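Remarks on the structure that follows.
The values are calculated or read from the model by the stated rules, or taken from the named source; none is laboratory data. All of these numbers come straight from a predicted model, not from anything done at the bench. With ideal geometry, Cβ positions are generated from the backbone for all residues, glycine too; neighbour counts draw on all protein chains shown. Areas reflect the complete protein model, heavy atoms only, side chains present, ligands, DNA and RNA absent. Shrake-Rupley method; radii C 1.70, N 1.55, O 1.52, S 1.80 Å.
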Amino acid sequence: MIPMLKSTDRPIAATYRLALLDLDGVVYRGKNPVEYAADSIRKAEAMGMTVEYTTNNSSRFQQVVADQLKGFGLTVEPHQIITSSVVAARMVARFVPKGSKVLVLGADHLRQEVERQGLVAVEQAEDNPVAVIQGWYPQMTWQQMAEVSYAVERGAKYFVTNRDLTIPRELGIAPGCGSMIRAVINATGVEPIASAGKPESAMYDEARLLVADEGEDLVAKEDCLAIGDRLDTDIEAGNRGGYDSLAVLTGVTNPRELMLAPAHLRPSYIVLDLRGLLEPQPAVTCDGDGVWHCRQATATITNGRLAVSDGTGTTGVINDIDVVRAACAAMWAYSDAGDVVSRNDGSGVELPRFA
């Protein structure tokens, strides 16, 4: 049986040339650095890996993000920060002639990127823009959203920075850019032509082109690795675009979500944190008895129960990254074989507890 998780003989950083690295939950959490992240990135770069930082955030200037990362001890240039504003502006510039008017709903960063592409940023439908880019920022108003609707109704090409329905804020979960986009769609009946943010793969594709713009050769997809903590954005974008992907467990995704992930949300590799970039990735294989192995760890499903062992005498507990890998392979194979009737989500299997 072919393993669904990939393996490498060399460290990840020596296997792939370009890391497409998510930020929140991977490199930092808010203002605070994620454990081991900065040191691992520096060592990965020393091995020859180029790092581009990819984020759906459309409001923060590249320089601001770069300065934050420099505060963690990283060497970062602003052009390495690939925001959804950067991608959206470049995307629109391919659809309309230089000098075209574009209605911009978003932060100053989005407006700056539009103008950097030789386009003219406007704010009203009466300016007769040929395209619209809708982003998000906290001070956006009903009137601004109405101008987007008016322009779209008049035939302007409609683009968006990302379709995240929610956004975490200090007081809780708030409506994100995607929720505001739904309002425009409801008003106009028009769907956006394209979205710059993940889970679309445009951000990863654009990152490769931007590396080439800095004077390097265009990196082949097979030499790129999408890295993130969210299955439904970072990993899905990689799968949509044909990129290998690596899921880290320092952010929102936990082992249970990984085990229950449908095919389009499954990563190529699973690591605890970015130290995994510096290590070879072990093979996950299945023997003739239906037992999945990852080094000493094992996982098997019998009578609707997932049983795991770390190979050192501890059984029935998810307490090791190799156990997570073996357990994911067992659950994915079980799900894909149709043993989980109709739902295909693994919910009928009794899962082990987490240490």
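Here are a few things to note about the model shown:
- Over segment 153-201, Cα pairs under 8 Å with separation of 6+ residues give a relative contact order of 44 percent.
- When you count the other C-beta atoms within 10 angstrom of each residue and take the mean per peptide, 240-249, 210-219, 326-335, 60-69 line up highest first as 326-335, 240-249, 60-69, 210-219.
- Nearest 10 degrees, 0 to 90: helix 84-93 Cα axis against the chain principal axis: 50 degrees
- Using the Cβ-Cβ distance between residue 220 and residue 337 with R0 = 30 Å, the FRET efficiency computed as 1/(1 + (r/R0)^6) comes to roughly 0.35.
- For residue 119, residues with placed amide H under 5 Å, excluding near neighbours: 99
- Taking packing as the residue-averaged number of other Cβ atoms within 10 angstrom, the listed peptides 232-239, 174-181 run from highest to lowest as 232-239, 174-181.
- Protein heavy-atom surface of the chain, 1.4 angstrom probe: 49% of the accessible area is carbon and sulfur, with nucleic acids and ligands not counted.
- Lysines with Cα under 18 Å of residue 157, excluding same-chain neighbours fewer than 8 positions away: 98, 101
- A simple spin-label model places pseudo-atoms 7 Å from Cα toward Cβ; at residue 186 and residue 124 they are separated by 2.7 nm.
- A Förster distance of 35 Å, applied to the separation of the beta-carbon atoms of residue 174 and residue 77, puts the FRET efficiency at 0.65.
- In the full protein context, the chain carries 44 Å² of accessible surface per residue, based on a 1.4 Å probe and ignoring ligands, DNA and RNA.
- For residue 70, the lysines whose Cα comes closer than 17 Å to its Cα, not counting residues fewer than 8 places off in the same chain, are 31, 43.
- Residues residue 165 and residue 263, FRET efficiency given R0 of 30 Å [Cβ-Cβ distance, rounded to 0.05]: 0.85
- The chain, relative contact order [Cα under 8 Å, separation at least 6], %: 18 percent
- Among the listed values (1) 62, 50, 35; (2) 84, 50, 33; (3) 71, 47, 37, the one matching Cα extents along the principal axes in Å as calculated from this structure is (3).
- Estimated [θ] at 222 nm from DSSP helical runs (n ≥ 4, -39500 (n - 2.57)) normalised by residues in the chain, nearest 500: -8500 deg cm²/dmol
- Contour excess over end-to-end distance, with Cα ends at residue 39 and residue 254 and 0.36 nm allotted per residue: 75.1 nm
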